[in-house]
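Down below is the structure, laid out as structure tokens.
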Amino acid sequence: AKDLSDSFGLVAGGMEDGAVRIWDVQALSRGNQGDRYRGLVFQTSPDQRQHQGAVAGLQFNELTPTMLASGAADGSLCVWDLGNGGNPSIVPLQTPQGNVRDSVTDLAWNPKVQHVFGNTSSTGWTVVWD
């Protein structure tokens with residue numbers, strides 16, 4: 001597994017099928033143009049997927065670059081710790097009992113407090129996670 005913390009830079013993509021993929025920018029730029037997997041350092045396998053709907057929000061944490069937050073159309077939210085290289089720790093976040101899980105439309109990390117982020121939903125709700 002590649003150590004993602006030593007990477008030149010990473011790009012993450014949220015897919016329509018709920019998958020999350022991460023590419024190494026340096027490897028992507030020097031790889032064979034015909035290789036659709038060039039630079040790919042991580043992708044969720046079907047049994048690993050935390051999202052059942054299209055991933056709509058995805059952002060690296062500027063203060064802790066190995067942390068990635070993702071949110072999807074099915075209302076699921078996850079925090080990914082990429083410090084383990086190609087075997088990230090995944091923490092799915094649970095909405096309080098009884099709350100309807102609205103489609104996540106966007107999310108963002110707090111630029112001053114490393115463990116706080118917020119998300120917006122299709123029904124207009126905004127939630128701050130601490």
Only one of D35, D47, D106, D74 that is part of a loop (DSSP other than H, G, I, E, B) and at pLDDT 80 or above
D74
Would you confirm, using the coordinates I've provided, whether L40 is more than 11 Å from the chain's Cα centre (by Cα), at pLDDT 75 or above, open to solvent by 30 Å² or more (accessible area, probe 1.4 Å) and not charged (D, E, K, R)?
yes
May I ask you to verify whether T95 is surrounded by 19 or more Cβ atoms within 10 Å (Cβ to Cβ) and at pLDDT below 85?
no
So which pairs qualify, if the first residue must be in the range 63-78 and of a type in the set (D, E, K, R), the second must be part of a strand (DSSP E or B) and open to solvent by less than 10 Å² (accessible area, probe 1.4 Å), the Cβ gap must be under 9 Å, and the two must be at least 6 apart or on different chains?
D74/V104
List every residue pair whose Cβ atoms sit under 7 Å apart, with the two residues 6 or more apart in sequence or on different chains, where the first one lies in the range 1-29 and is under 26 Å from S103 (Cα atoms) and open to solvent by less than 70 Å² (accessible area, probe 1.4 Å) and the second, anywhere, is modelled with pLDDT under 85 and among the hydroxyl-bearing types (S, T, Y).
A19/T44; V20/T44
Residue pairs, Cβ under 6 Å, 6 or more apart or interchain, first in the range 30-50 and more than 13 Å from I90 (Cα to Cα) and among the small types (G, A, S), second at pLDDT below 80 and open to solvent by less than 40 Å² (accessible area, probe 1.4 Å). List them.
G39/G31
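The values are calculated or read from the model by the stated rules, or taken from the named source; none is laboratory data. On a predicted model such as this, the values are computed, not experimentally measured, just so you know. As a convention, Cβ positions derive from the backbone with ideal geometry for all residues, glycine included, and neighbour counts pool all protein chains shown. Surface areas here come from the heavy atoms of the whole protein model, side chains and all, with no ligands, DNA or RNA. Shrake-Rupley method; radii C 1.70, N 1.55, O 1.52, S 1.80 Å.
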